[in-house]
Amino acid sequence: MSQTPEQKTAIVTGAARGIGLATTKQFLAEGRRVAMIDRDAEALMAEAGALENVLPVVCDVSQPEQVDAMIAEVAGAFGRIDALVNNAGVADFGPIEETSFERWRTVMATNLDGVFLCSQAAIPELRKTSGAIVNIASISGLRASTLRVAYGTSKAGVIQLTQQQAAELGEYGIRANCVAPGPVRTKLAMAVHSQEIIDAYHDAIPLNRYGSEDEIASVIVFLCSDKASYVTGQTIASDGGFQSTGVGLPALRT
Ligand SMILES: NC(=O)c1ccc[n+]([C@@H]2O[C@H](COP(=O)([O-])OP(=O)(O)OC[C@H]3O[C@@H](n4cnc5c(N)ncnc54)[C@H](O)[C@@H]3O)[C@@H](O)[C@H]2O)c1
């Protein structure tokens, strides 16, 4: 595909695998150029090497100087930034009493600071294109549960941050929305989901299964598109019905 200055672009953080990689591929399929951002250089280069119309940039989204340099590199290479998907995230589940300040900070640094930093740095470019921000939260940010004091709180912060962005950036024509995925079998989830947790999720989810990376990516790509041009400040749960179902007692299922 030839590259033209009119061709739309997107930045996807955490693009080396999982939901970020699926989102990258869907953007490419609709003709966008994509800046793939990840701190895992080896995985990023391996995936990006197999794709066309991508710009891989190694960057830790929790580090302000790296984020500023990344946005400058993407703006320079592409000439425009039409969408920013803040997808990079880490999961660390544990009881409150065993969550050291260091573990808490590690989760907040990527999941919440990273979203703030990347969005803020991209604003000047997004203003020029009336671009879109999509932040990736989680059902853990919509409903509290055990073991997620840091992860769940970081994701609830992402939902509020999205609303703040929508409120303030709307006058620049920038839209900000949020996707709250249910469980997806990525490396992140499998590191913290035991078989017992997997079974319990199946019981609590009306569709009775985990989602796929592509099922999350398609909501992200929709929210970045002109089809969502009057949607801002919203959080969409792509979760098989988990969020809408209250406690979803397995004993009440037929
Ligand atoms: N998988 C799920 O069940 C699930 C559910 C709800 C929400 N989410 C959210 O979806 C997003 C993507 O998750 P995933 O399951 O695809 O995870 P994943 O672990 O498969 O991929 C995450 C990617 O982000 C990168 N990354 C992590 N910290 C980074 C940092 N500071 N800077 C740059 N890159 C960094 C990792 O290297 C990795 O490539 C995360 O925000 C996660 O919290 C996932």
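The values are calculated or read from the model by the stated rules, or taken from the named source; none is laboratory data. The structure presented is a predicted model; accordingly, all values stated were derived computationally and were not measured. No Cβ is skipped: glycine too gets one built from the backbone with ideal geometry, and neighbour counts run over all protein chains shown.
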Item to check | Whichever residue in region 215-248 is among the charged types (D, E, K, R) and loosely packed, with under 14 Cβ neighbours inside 10 Å and, among such residues, is nearest to the ligand (Cβ to nearest atom) | outcome: Lys227
Item to check | Odd one out for Val67, checked against (1) under 20 Å from Thr106 (Cα atoms); (2) more than 8 Å from the ligand (Cβ to nearest atom); (3) surrounded by fewer than 24 Cβ atoms within 10 Å (Cβ to Cβ) | outcome: (3)
Checklist entry - For region 70-90, which residues satisfy the criterion of being within 13 Å of the chain's Cα centre (by Cα) and either crowded, with 23+ Cβ neighbours inside 10 Å or within 17 Å of Asn177 (Cβ to Cβ) (or both)? => result Ala83, Leu84, Val85, Asn86, Asn87, Ala88, Gly89
Checklist outcome for this item: Contact list, first residue from region 28-55 and in contact (Cβ under 8 Å) with a residue 40 or more places away in the chain and part of a loop (DSSP other than H, G, I, E, B), second anywhere and among the acidic types (Asp, Glu) and within 12 Å of the ligand (Cβ to nearest atom), beta-carbon distance below 6 Å, six or more apart or interchain, is Arg39/Asp60
Next on the checklist: Cβ-Cβ distance below 9 Å, separation of 6 or more or different chains: which pairs start in region 79-100 with a residue that is over 21 Å from Phe222 (Cβ atoms) and end on one that is part of a loop (DSSP other than H, G, I, E, B) and of a type in the set (Asp, Glu)?
Outcome noted: Thr99/Asp92
Checklist entry - When residues of region 1-16 are filtered for being within 15 Å of the ligand (Cβ to nearest atom) and of a type in the set (Val, Ile, Thr), how many remain? => result 3
Item to check | Tally, over region 17-45, of residues that are near the ligand (Cβ under 7 Å from one of its atoms) and buried (at least 24 other Cβ atoms within 10 Å of the Cβ) | outcome: 4
Checklist entry - What helices (runs of 4 or more DSSP H), lying completely within region 87-152, carry at least 2 residues that are away from the ligand (no atom under 16 Å from the Cβ), among the aromatic types (Phe, Trp, Tyr) and in contact with a Leu (Cβ under 6 Å, 6 or more places away or on another chain)? => result none
Checklist entry - For the subset of region 182-210 comprising residues that are within 19 Å of Ala144 (Cα to Cα), away from the ligand (no atom under 13 Å from the Cβ) and assigned to a loop (DSSP other than H, G, I, E, B), which member is modelled with the highest pLDDT? => result Pro206
